[in-house]
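**Student:** Take a look at the following structure, please.
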Amino acid sequence: MNSFPYKCASCRERAVNPVTVPSYTAELEHDGRAYAVTVSDLELLRCGHCGNQILPDDSFDRLTDELRRQAGLLAPGEIKGNRDRLHLTQ
């Protein structure tokens, strides 16, 4: 596996490093409604040359978990648990 810094897809400079931002807000949409989703202490990758930001999968999962919470949706584990209790399959 390559070590940091990675090459930026935007500017092609080898300047992408992991950073933790104290507060990250994104506007995500569900069912035609926009939600301002804020997560604290989010880890992302940022290019020190052009500022391009990349969300790793774990960070995107944190954002979608918060979206589910705000939208009043069940988490995947809750859906599976309910299905198991009712002896249903997918």
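The values are calculated or read from the model by the stated rules, or taken from the named source; none is laboratory data. The structure presented is a predicted model; accordingly, all values stated were derived computationally and were not measured. Virtual Cβ from ideal backbone geometry, glycine too; neighbours counted across all protein chains shown.
**Student:** List every residue pair whose Cβ atoms lie under 7 Å apart, where the two residues are 6 or more positions apart in sequence or sit on different chains, the first residue falls within region 44-66 and is over 10 Å from residue 15 (Cβ atoms) and part of a helix (DSSP H, G or I), and the second residue, located anywhere, is modelled with pLDDT of 95 or more and not hydrophobic (A, V, I, L, M, F, W, C).
**Tutor:** Going by the 7 Å Cβ cut-off, the qualifying pairs are 59/43.
**Student:** Out of the residues in region 30-52 meeting the condition of being aliphatic (A, V, I, L, M) and under 20 Å from residue 6 (Cβ atoms), tell me which one is surrounded by the fewest Cβ atoms within 10 Å (Cβ to Cβ).
**Tutor:** Step one: list which residues in region 30-52 are aliphatic (A, V, I, L, M), which gives 34, 36-37, 39, 42, 44-45.
From what's left, under 20 Å from residue 6 (Cβ atoms): 42, 44-45.
On the way: 42: 21, 44: 15, 45: 18.
Out of the qualifying residues, it is 44.
**Student:** Still on this structure, I have one more. Name every residue in region 67-90 that is in a loop (DSSP other than H, G, I, E, B), within 24 Å of residue 29 (Cβ to Cβ) and of a type in the set (A, V, I, L, M), in order of residue number.
**Tutor:** Within region 67-90, the first condition is being in a loop (DSSP other than H, G, I, E, B), and the residues that meet it are 72-75, 86-90.
Among the residues that remain, those that are also within 24 Å of residue 29 (Cβ to Cβ) are: 72-75.
Result: 73, 74, 75.
**Student:** Considering each residue of region 23-34, count those that are more than 14 Å from residue 62 (Cβ to Cβ) and in a strand (DSSP E or B), and give that number.
**Tutor:** Quick first cut of region 23-34, residues more than 14 Å from residue 62 (Cβ to Cβ) only: 27, 29-34.
Still in the list and also in a strand (DSSP E or B): 27, 29-30, 33-34.
Total satisfying the criteria: 5.
**Student:** Tell me, which residue of region 65-90 that is closer than 15 Å to residue 33 by Cβ and among the hydrophobic types (A, V, I, L, M, F, W, C) is surrounded by the most Cβ atoms within 10 Å (Cβ to Cβ)?
**Tutor:** Filtering region 65-90 for residues that are closer than 15 Å to residue 33 by Cβ and among the hydrophobic types (A, V, I, L, M, F, W, C), the one surrounded by the most Cβ atoms within 10 Å (Cβ to Cβ) comes out as 67.
**Student:** Condition test on residue 55, is it in contact with a Lys or Arg (Cβ under 7 Å, 6 or more places away or on another chain) and surrounded by 11 or more Cβ atoms within 10 Å (Cβ to Cβ)? Full working, then the answer.
**Tutor:** On the way: in contact with a Lys or Arg (Cβ under 7 Å, 6 or more places away or on another chain): no; surrounded by 11 or more Cβ atoms within 10 Å (Cβ to Cβ): yes.
Against the criterion (in contact with a Lys or Arg (Cβ under 7 Å, 6 or more places away or on another chain) and surrounded by 11 or more Cβ atoms within 10 Å (Cβ to Cβ)), residue 55 does not qualify.
**Student:** Can I ask one more? Looking for something surrounded by fewer than 13 Cβ atoms within 10 Å (Cβ to Cβ) and under 13 Å from the mean Cα position of the chain (by Cα) - is there at least one such residue anywhere in region 2-10?
**Tutor:** No, region 2-10 has no match at all.
**Student:** So, in region 1-22, of the ones that are part of a loop (DSSP other than H, G, I, E, B) and among the aliphatic types (A, V, I, L, M), which residue ends up farthest from residue 49 (Cα to Cα)?
**Tutor:** So in region 1-22, the residues part of a loop (DSSP other than H, G, I, E, B) come out as 1-5, 8-13.
Going one step further and asking which of them are among the aliphatic types (A, V, I, L, M), we end up with 1, 9.
Working: 1: 22, 9: 12 Å.
Here the residue is 1.
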